[in-house]
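In what follows, a single structure is set out as structure tokens and then discussed.
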Amino acid sequence: MGLEDETGRLDVIIPPQLYEKERDIINGNGILAVRGKLEKEDGVTNLKAETFFPLTLDDAREIVRSHDYH
């Protein structure tokens, strides 16, 4: 799964057993929070997912404030 924002892209690695466990949350929600471990190797950064949380648009607004990157 890929995540993208104004600063770039991050690949989320989902182990098969986690996908099977959380398939409905992953596929059934347009906005997700992901908890996991950040891994950096050879200049590539990935997030190895441990769990997913469904969010509403209002939840997401509370968690992530708008940033001005200019």
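Values quoted throughout were computed directly from the atomic coordinates according to the rules given, and no laboratory measurement underlies them. What you see is a predicted model; the values in this text were computed from it and never measured. Note that each Cβ is placed from the backbone with ideal geometry, even for glycine, and that neighbours are counted across all protein chains shown.
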Inset, instruction - For Glu39 and Leu57, compute 0.36 nm times the residue count separating them, minus their Cα-Cα distance, and round to one decimal in nm. - result: 3.7 nm
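Report the local net charge at Glu39: Lys and Arg +1, Asp and Glu -1, summed over other residues whose C-beta lies under 13 Å from its C-beta. List each step's numbers first, then the result.
Details: positive: Lys37, Lys40, Lys48; negative: Asp11, Glu41, Asp42, Glu50.
Neighbour charge sum, excluding Glu39 itself: -1.
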Inset, instruction - Determine how many Å³ per residue the convex hull of the Cα atoms of the stretch 1-55 encloses. - result: 78 Å³
Inset, instruction - Just flag the GluC sites (Glu not before Pro) in the stretch 1-43 sitting in loop per DSSP whose Cβ has no more than 11 other Cβ atoms within 10 Å. - result: Glu6
Inset, instruction - Please list the non-local residues whose amide H lies under 5 Å from the amide H of Gly36, H modeled 1.01 Å from N, same-chain partners needing a gap of 5 or more. - result: Glu50
Legend entry - Under 15 Å, Cβ to Cβ, from Thr51 - net charge with Lys/Arg +1 and Asp/Glu -1: +1
